[in-house]
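A.B. asks: After the structure tokens below, expect a handful of questions from me.
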Amino acid sequence: MSTGPGLGYHIVDSGGSALPGSLQTNRRLSQWLRFRPDGIVEVSSGKVEIGQGILTAVAQIVADELDVDLARIRMVPATTAASPNEGVTSGSLSVEQSGSALRWASAEARAIFLDAAAQRLGVDAQSLEVRDGEIAGPGNLRTSYWELAEHETGGGLLDRDATARIAPKPATARRLAGVAAERLDIPDKVFGRPRFIHDLALPGLLHSRVLRPPSPGATLAALDETKAKAVPGVAAVVRDGSFAGVVAETEDAAVAGLKALAASATWQPGEPLPDEGDLAAWIRSQPVETTPINTREAAAPGRVAGTVRRTYTRPFIAHASMAPSCAIAQWADGGVRIWTHTQGIYNLRADLELIFALPPDKIVVEHAEGSGCYGQNGADDVALEAALLARAAAGRPVRLLWSREDELAWSPMGAAQLVELEADLDEKGEIVGWRHDVWGNGHVSRPGRCKSPTLQAAWLLAQPFPRLVAVNPPLNGGGGSERNATPCYDLPAWRVTNHRLLTMPIRTSSLRTLGAFANVFAIESFMDELAAERGEDPLVFRLRHLKDTRARAVLEAATRRAGWGSRQKRDGVGHGLGFARYKGFGAYCAAVAEVETDPDIRVRRLVLAVDVGEAINPDGVANQMEGGAIQATSWVLKEAVRFDRARITSDTWETYPILRFSEVPAVEVEIVNRPEEKPLGAGEAAHGPVAGAIANAVYDSLDVRVRDLPITRERIVAA
């Protein structure tokens, strides 16, 4: 039986094992694939495009298994009306979950069509081959996917459950996976064609804005709607408890109506925010839930000659999406349809079911691309707010666009963290014990995960839902605050503990990498500090503590490419190294940073090596690593949410600066491709290693260790 490209298929004994990826919970093949008579293959993934290029990689996988050209693939936007439920697009899991599901679904679909073609043509299925969807057999017998699909009666050839009995092609037989492919979503974005939620224009569209409290937790004591209703173009003023807003014929009228409404509002203040100037002390003073995460006991405990203790912090960080959040909602026939850039359409629907007391078939959530944030920005919140306002629109669709101030001040923030590390050393300076304690808020307030909604407007209604404190995902999913807190190095003993805050005056939720960014920054800084105590090269020190050959390979690849061994000490220039395996079981990444510290701190060059197992689209992997490295540079050098005791004050680009184009470092990426290994996500692998590398490069240049992010000139002077 041939298993070569375009020939036959290979049946495997699945042994009753679970279906791969998201196929286990979405078994119907017709949910994933549809063959149109015009020669197009429609592919539905429950994962969404947020700028990471996932839909291109998934399309490559499907085209490979079906033996069709990539140009025939059409990725269908995710919708709760039809798409498979794949939870949330997060955690660098899309290729691993959706990609593996579609690889096996496509392999089985191909086999089903070959069997149908064999019956139609009267030949053995193993004698058939597929070339770009055309099925050819002996004696010039021919049919096609499209012909078979068009003539199928009833529910269709794919109206059945997946079995995982048909093996996908081996890596050696794939034509597209592993080959750089042009992103499917880029042309529209480059040429300015409508693609984003912000561009969506529906007949009869109304516009709206929401009234924000003066501070988190404030409640609306009184509101005079008269002047707002008198603004030309205002169609309605909506109030439900402390939630209020205006609906208007134009965006300008909505803004003017909101201004009039805000002038007439009286608020009861909420609880004060922490003291930004002493954030570490506030974190340590809060009630916490303490959880042991990981413990390793030494086989033969070494004698402790001394202990090194260090503390590292990161501030609250904003998602800072380039375009503010936006959604459109329309009520009809007792239900609501919502267009939004949420990363979890089904999770959002679950919260909306609770808020509106509607069955799931009365709520449809359609994904439309927004300004990607890799985490929970305002996309889910704006969807609920649009739906609340649209109830006053008599069936017309209502578009809600947040302001820049809304986006920077009212989206959930990435949690501030404090990491305390201790290393016990023997008389030779070798590590004999390691302790890692991390304090901070939980990292997840996403909708659909609790018995109560986590959307902020739900807390403001006249019949409010309780305001929940952010939690952390399960450890088998990588955890939250404790993500990457267990060291990747081979140490004889360790104890890792997480202290989750039970108060949340500043709302936190998922931000790219969750707790891994702070933990890897701390660990990689600490490793350099311990190497310096011994007078040992940071690379040699790391390699001595690493047995994993894949980990060693990325470290060696990055340092070789960066010229680590031939680097020379120069005034005002430093070099630093960082490494981690994301979540401890994801992609491997090593980073080398070259940093200029005179007159200002500037990252001149970043060299990264990454191992994501099978790299489906190498160009996409490189894009993800470059983007992650640049964002990490911005976090390390610039970003921190600013606030006083009443409100978030960093609500403009002037008060929340991010890296400018002129400050972007040169980024080089080397991919250690392993096509025989399962694919791993690249989206979040770079951040922690880059943070560690930059911090270590600053120290290499100045002999000054900054342990509190962001690393600014003021912090260097203070240190």
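A.B. asks: What is the fewest-to-most order of 517, 316 by other Cβ atoms lying within 10 Å of their Cβ?
C.D. replies: Sorted ascending by nearby Cβ count, the order is 316, 517.
A.B. asks: Long-range amide H contacts for residue 302: which residues qualify at under 5 Å (H placed 1.01 Å from N, peptide plane, sequence gap of 5 or more or a different chain)?
C.D. replies: The answer is none.
A.B. asks: Which semi-axes, in whole Å and largest first, does the equivalent ellipsoid of the chain have when worked out from the alpha carbon gyration tensor as the square roots of 5 times its eigenvalues?
C.D. replies: Three semi-axes, in Å: 42, 39, 21.
A.B. asks: Continuing with the same structure: Given Cβ point charges of +1 (Lys, Arg) and -1 (Asp, Glu) and nothing else, what value in debye, to the nearest 20, does the dipole of region 10-184 about its Cα centre take?
C.D. replies: With Lys and Arg at +1 and Asp and Glu at -1, about 220 debye.
A.B. asks: Quick one: check the C-alpha center-to-center distance for region 658-719 versus region 138-209, whole angstrom.
C.D. replies: 36 Å
A.B. asks: Turning to a different aspect of this structure: When a footprinting reagent is the concern and you count Cβ atoms within 10 Å, what order do 183, 296 take, fewest first?
C.D. replies: Taking fewest neighbouring Cβ atoms as first place, the list is 296, 183.
A.B. asks: Label region 47-99 by shape, choosing from rounded, prolate and oblate, from the square roots a ≥ b ≥ c of the eigenvalues of the Cα gyration tensor; if a/c is under 1.5 it is rounded, and otherwise prolate applies when a/b is larger than b/c, oblate when it is not.
C.D. replies: prolate
A.B. asks: Continuing with this model, one more query. Along the positive direction of the dipole of the chain (beta-carbon charges: Lys, Arg +1; Asp, Glu -1; about the Cα centre), which of 415, 701, 368 reaches farthest?
C.D. replies: Farthest towards the positive pole: 415.
A.B. asks: Quick one: net charge of residue 57's neighbours, Cβ under 14 Å, K/R +1, D/E -1?
C.D. replies: Computed value for this residue: -3.
A.B. asks: Another question, if that's okay. Sort 114-121, 195-202, 629-636 by the packing proxy (mean of other Cβ within 10 Å over each peptide's residues), most packed first.
C.D. replies: Top of the packing list down: 629-636, 114-121, 195-202.
A.B. asks: Around residue 310, with a cut-off of 10 angstrom between Cβ atoms, what is the net charge of the other residues, counting Lys and Arg +1 and Asp and Glu -1?
C.D. replies: With Lys, Arg at +1 and Asp, Glu at -1, the neighbours total 0.
A.B. asks: Hey, how much of the P(r) for region 665-719 falls beyond 15 Å, as a percent of Cα pairs?
C.D. replies: More than 15 Å apart: 61 percent of the Cα pairs in region 665-719.
A.B. asks: Hydropathy at least -0.5 by Kyte-Doolittle, axial extent at least 24 angstrom from the Cα trace: which helices of the chain, defined as entire DSSP H runs, fit?
C.D. replies: 100-121, 516-534, 618-637
A.B. asks: Here's another thing I want to ask about it. To the nearest 20 Debye, how big is the dipole of the chain about its Cα centre, given +1 on the beta carbon of each Lys and Arg and -1 on that of each Asp and Glu?
C.D. replies: 560 debye
A.B. asks: With no solvent and one equal point scatterer per Cα, compute the Debye intensity ratio I(q)/I(0) for region 544-621 at 0.11, 0.26, 0.27 Å⁻¹ and report its log10, rounded to two decimals.
C.D. replies: -0.34, -1.20, -1.25
A.B. asks: I've got another one for you. For the pair residue 428 and residue 654, how long in nm is the line joining their label points, each one 7 Å along Cα→Cβ?
C.D. replies: 6.0 nm
A.B. asks: Also, quick follow-up: Would you compute, from DSSP H runs of 4+ residues alone, the mean residue ellipticity of the chain at 222 nm, taking -39500 (n - 2.57) per run and dividing by the full residue count, rounded to the nearest 500?
C.D. replies: The helix contribution divided over the chain gives -8000 deg cm²/dmol.
A.B. asks: Near the amide H of residue 580, under 5 Å away, which other amide H atoms are found, from residues 5 or more places off or on another chain, if H is placed in the peptide plane?
C.D. replies: 589
A.B. asks: If packing is taken as the mean number of other Cβ atoms within 10 Å per residue, what is the order of 106-112, 538-544, highest first?
C.D. replies: Taking the mean over residues of other Cβ atoms within 10 Å, the ranking is 106-112, 538-544.
A.B. asks: Only Lys, Arg, Asp and Glu count, each charged at its Cβ (+1, +1, -1, -1), so figure out the dipole size of region 602-641 about its Cα centre, rounded to 20 debye.
C.D. replies: It comes to approximately 400 debye.
A.B. asks: Counting other beta carbons within 10 Å of each Cβ, put 373, 450 in order, fewest first.
C.D. replies: Result, fewest neighbours first: 450, 373.
A.B. asks: In whole Å, what three semi-axes, largest first, describe the equivalent ellipsoid of region 10-184 built from its Cα gyration tensor (square root of 5 times each eigenvalue)?
C.D. replies: Working from the Cα gyration tensor, I get semi-axes of 26, 17, 16 Å.
A.B. asks: Within the chain, count lysine pairs with alpha carbon atoms under 18 angstrom apart where the residues are 8 or more positions apart or belong to different chains.
C.D. replies: Counting lysine pairs in the chain gives 5.
A.B. asks: Then there's this: Report the extension gain between residue 123 and residue 262 in nm, rounded to one decimal, defined as 0.36 nm multiplied by the number of residues separating them, less their alpha carbon distance.
C.D. replies: 42.5 nm
A.B. asks: Quick one: plug the Kirkwood hydrodynamic radius of region 517-654 (C-alpha pairs) into Stokes-Einstein at 37 °C, 0.692 mPa s, and report D in µm²/s.
C.D. replies: Stokes-Einstein gives a translational diffusion coefficient of 196 µm²/s.
A.B. asks: Can you list the HN-Hα couplings for region 305-322, worked out from phi with the Karplus curve (6.51, -1.76, 1.60; θ = phi - 60°), rounded to whole Hz and with x for Gly and Pro?
C.D. replies: Once θ is set to phi - 60°, the couplings for region 305-322 become 9, x, 10, 9, 10, 9, 10, 10, 9, 10, x, 4, 10, 8, 5, 6, 4, 5 Hz.
A.B. asks: Here is a follow-up. Taking the Cα centre of the chain as the origin and placing charges on Cβ (Lys, Arg +1; Asp, Glu -1), which of 464, 32, 171 is farthest toward the positive end of the dipole?
C.D. replies: 464
A.B. asks: Which number comes out as Rg/Rh for region 596-719 once both Rg and the Kirkwood Rh are worked out on C-alpha atoms?
C.D. replies: My calculation puts Rg/Rh at 1.04.
A.B. asks: For residue 493, what residues show an amide H to amide H distance below 5 Å, using hydrogens built from the backbone and excluding near sequence neighbours?
C.D. replies: 434
A.B. asks: Cα atoms only: what Rg and Dmax, in Å, come out for region 206-353?
C.D. replies: For region 206-353, the Cα-based Rg and Dmax read 24.2, 80 Å.
A.B. asks: On to the next question. Listed highest first by mean packing, meaning other Cβ atoms within 10 Å per residue, what order do 482-489, 678-685 come in?
C.D. replies: Descending mean neighbour count gives 678-685, 482-489.
We did not get these values from a lab; they are worked out from the coordinates using the rules stated. Here the structure is a predicted model, which means the values were calculated and not measured. Quick reminder, even Gly has a Cβ in these numbers, built from the backbone with ideal geometry, and neighbours come from all protein chains shown.
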